Amino acid sequence: MIQEHILVTGGTGMTGRRVSALLADAGARVRVGSRSGEPRFDWHEPATWDAVLDGVTGVYLCYHPDLAFPGAAEAVSAFAARAAEAGVRRMALLSGRGEKGAENTEAMVREAFAGTTVLRCSVFAQDFSESFFLPPLLSGVLPLPVPDVPEPFVDLDDVARVALRALTEDGHGGVTYELTGPRSLTFTEAVAVVGGVSGRRARFAEVTPEEFVAAMVAAGAPEDLAHGLIGLLEEILDGRNVEPADGVERALGRPATPFADYARGAADAWR
């Protein structure tokens, strides 16, 4: 059993809940950092930080909606510095692959906590089944303000397992892992895989930024988030992240999970 006490920020989100579950299964004590948690945690309220850091040995840093958004670098690096002062031994930062803003945040976090393990990801496979790709897929069209570029979608279960290693084992401090799937698929190909496992008839469509915002808002997303995602998607889906990376294999000693394997496990989301 692992004798660790780990704070998972964003612990109720897509990555955080997976990391929390793996840590708990391994025997670690888990503290979920969220605005509805106890003690309460808010990135933008430093008065909430000391209580959630009290007694923890490791921290998983997950900032919503993205490290490249305004205010992220300052908040996350200040929190990392507070964690160092509190005696935290290990830290894993969820970051963005190919994002200049995220890389700037990484540098600031490592200045505050030199042993931070950086987990760089681009587009999650689970965006198709658990996040903002799902509502439009269910309506039959996945509209994005980018061309049909190939992307090595990463399975969040792989990301969570790498985080588990980084937070409970030696040898990962200061390392940057670029986490991807084993091969790239275009969005058209990914949607076809979804259809093959679920029977869901859908297609990819390149749309204007205005059309993308309208579709996101219609699906229930805040308008400011939709506008923020445009610049982010245009940056990471311009071809810079097409080539798969070996971070999952380096960290876990096994190949990354193929998109088709993820899709078979998530098929009920699209039925």
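Throughout, read-outs are computed from the coordinates displayed, never taken from laboratory work. Source: prediction; values computed, not measured. Glycine also receives a Cβ, built like all others from the backbone with ideal geometry; neighbour counts cover every protein chain displayed.
Once you reduce the stretch 92-119 and the stretch 155-190 to the center of their Cα atoms, the two points are 15 Å from each other.
Within 15 Å, Cβ to Cβ, of THR105, how many net charges do the neighbouring residues add up to if Lys/Arg are +1 and Asp/Glu are -1? Write down the numbers at each step before the final one.
Numbers: positive: ARG97, LYS100, ARG110, ARG120; negative: ASP66, GLU74, GLU99, GLU103, GLU106, GLU111, GLU235.
Around THR105, the charge tally is -3.
Report the gain in length on full extension from ARG250 to ASP127: 0.36 nm times residue separation, minus Cα-Cα distance, nm rounded to one decimal.
Details: separation 123, 0.36 × 123 = 44.28 nm, distance 2.40 nm.
Separation in residues times 0.36 nm, less the Cα-Cα distance, equals 41.9 nm.
Relative contact order of the chain, taken over Cα pairs closer than 8 Å and 6 or more residues apart, is 19 percent.
Each label was represented as a point 7 Å from its Cα along the Cα-to-Cβ direction; for ARG35 and THR208 these points are 3.3 nm apart.
Hey, can you grab everything whose amide H is under 5 Å from the amide H of THR180? Only 5+ residues off in sequence or another chain; H modelled, so Pro and N-termini drop out. Distant-sequence amide H within range of THR180: ALA245, GLY247, VAL248.
Across the stretch 35-74, the residues whose backbone nitrogen lies under 19 Å from the label position 7 Å along the beta-carbon direction of ASP25 are 60. Going 7 Å from the Cα of LEU233 along its beta-carbon direction, which residues of the stretch 191-210 have the amide nitrogen within less than 16 Å of the resulting point? The answer is 191, 203-210. Residues whose amide H falls under 5 Å from that of VAL123, counting only those 5 or more places apart or on a different chain, are VAL154, with hydrogens built in the peptide plane.
Using alpha-carbon pairs under 8 Å, 6+ residues apart, how would you state the relative contact order of the stretch 1-155 in percent? Please list the in-between numbers first.
On the way: 251 pairs, mean separation 27.4, N = 155.
For the stretch 1-155, the relative contact order is 18 percent.
Residue separation of THR176 and ASP157 scaled by 0.36 nm, minus their Cα-Cα distance, works out to 5.0 nm of gained length.
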